[in-house]
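The structure appears right after this line, and notes come after that.
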Amino acid sequence: MTLVAALAKYEGAFAYHPGDSAALNAEILALMRSGLKTGTCDAWAIYVDGTEELPVVGRVDIALDWAGRAALATRTLAVERIAFDEMDEMRGRRNAENVGQVGGP
């Protein structure tokens, strides 16, 4: 499905690139597709300064591959604002980006 078609199908969707490099983007998309990555976390500052758009519960968004193609659709089920030092193991496992690393899920 093209990005234009995905945005038409999911009205109001936000398109985003997971990760900050092509390699990380591919890794994150693979984790999302496998079901290992079902959550994410970011610094609150990126939402305050407008760098990123705060997720909206119930909205379907479009995750893009590094080339900008629609890769998959995600639905936000919950948004929590918690301090980093309050992150627990369950939330860490949902993020899943450190799979296979020391201390990772």
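Would you please name the residue that is farthest from V79 (Cα to Cα), looking only at residues in the stretch 13-42 that are touching a Lys or Arg at 6+ places or on another chain (Cβ under 6 Å) and not polar (S, T, N, Q)?
This residue is L31.
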Identify, from the list A22, A43, the residue that is at negative phi and at pLDDT 95 or above.
A22
Residues that are surrounded by 12 or more Cβ atoms within 10 Å (Cβ to Cβ) and not in a helix (DSSP H, G or I), drawn from the stretch 1-33:
M1, Y10, A13, F14, A15, Y16, H17, P18, G19
Filter the stretch 38-81 down to the residues that are farther than 17 Å from D20 by Cα and of a type in the set (D, E, K, R), then identify the one that is surrounded by the most Cβ atoms within 10 Å (Cβ to Cβ).
D61
I'm checking my understanding of the structure. Among residues of the stretch 77-92 that are touching a residue at least 12 places away in the same chain (Cβ under 8 Å) and outside any helix (DSSP H, G or I), which one is farthest from W44 (Cα to Cα)?
L77
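The values are calculated or read from the model by the stated rules, or taken from the named source; none is laboratory data. Computed from a prediction, not measured in an experiment: that's the story for all the values here. Positions of Cβ are generated from backbone atoms using ideal geometry, with glycine treated the same way; all protein chains shown enter the neighbour counts.
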